[in-house]
1. Just give me the residues in the range 166-210 being surrounded by 15 or more Cβ atoms within 10 Å (Cβ to Cβ), touching an Asp or Glu at 6+ places or on another chain (Cβ under 9 Å) and assigned to a loop (DSSP other than H, G, I, E, B), in sequence order.
2. With the range 23-112 as the region, which strands (runs of 3 or more DSSP E) entirely inside it contain at least 1 residues that are open to solvent by 50 Å² or more (accessible area, probe 1.4 Å)?
3. When THR2 is evaluated against the numbered criteria (1) open to solvent by 50 Å² or more (accessible area, probe 1.4 Å); (2) in contact with a Ser or Thr (Cβ under 9 Å, 6 or more places away or on another chain), which criterion, by number, is the only one it fails?
4. Does LEU18 fit the bill of being farther than 30 Å from GLU216 by Cα, assigned to a helix (DSSP H, G or I) and open to solvent by less than 50 Å² (accessible area, probe 1.4 Å)?
Amino acid sequence: MTIHKEGRVLLLVMLIILAGLNFTLYHFYGSGLLINLSIAASIIIFLLVLQFFRNPIFKISAKANEVIAPADGKVVVIEETTEDEVLKDRRIQISIFMSPLNVHVNRTPVKGVVDFFKYHAGKYLVAWHPKSSTENERTTMVLKTESGVPVLVRQIAGAVARRIKWYVNEGQNLGHGQEFGFIKFGSRVDIFLPLGTKILVKEGQKTKGGRTVIAEI
């Protein structure tokens, strides 16, 4: 387990601020209930933010036809829909919601080449709002597998998550489960798979990014 690069500066600044606040309280009020409560609250707040940025280390093992979860979280949508932005066809959509308690690293569900990538500025509706996938801040990435199958992955910000990060460019080759982005403080990742894909998860099921096999194509 490591601390993700997106959180290192924030955590350092928080540590300095909280330490300074407690030192100031101790300087003016000395030891007692107030300083004890302040230290306890500071530790809790720091640990809560720290867990947002944890980055587990594990070995990725997946077969070529397996689609693995792009994020830790819970499956909230499995449905047939039309993908209107890039693919312009009918797809099976799987949506995974990340709570503030989940790991926020986003990983590639398949091995392939980045055939398309675009960032969209937008609103910050709650992640389960029907229009969040088309109106919220988001990224859209299409990975083309070695067999030529396009798989679309979309990062979606929510009401709390207001910072999407990505580390990919069009034409880049990505491995199975490779880190491609990060959504600070959670939200949602959508995957659009071809019709006929064998879905291996159910709505309400919890997933582990880079480890849970969610489908076979």
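1. HIS176, LYS184, THR197, LYS208, GLY209, GLY210
2. Details: elements: 66-68, 73-83, 89-98, 105-107.
Filter on the range 23-112 gives 73-83, 89-98.
3. (2)
4. Details: farther than 30 Å from GLU216 by Cα: yes; assigned to a helix (DSSP H, G or I): yes; open to solvent by less than 50 Å² (accessible area, probe 1.4 Å): yes.
It is true that LEU18 is farther than 30 Å from GLU216 by Cα, assigned to a helix (DSSP H, G or I) and open to solvent by less than 50 Å² (accessible area, probe 1.4 Å).
The values are calculated or read from the model by the stated rules, or taken from the named source; none is laboratory data. The structure presented is a predicted model; accordingly, all values stated were derived computationally and were not measured. For neighbour counting, all protein chains shown are included, and Cβ atoms are generated from backbone atoms with ideal geometry for every residue, glycine included. The protein model used for the area step is the full one, side chains on, heavy atoms only, and it has no ligands, DNA or RNA in it. Shrake-Rupley method; radii C 1.70, N 1.55, O 1.52, S 1.80 Å.
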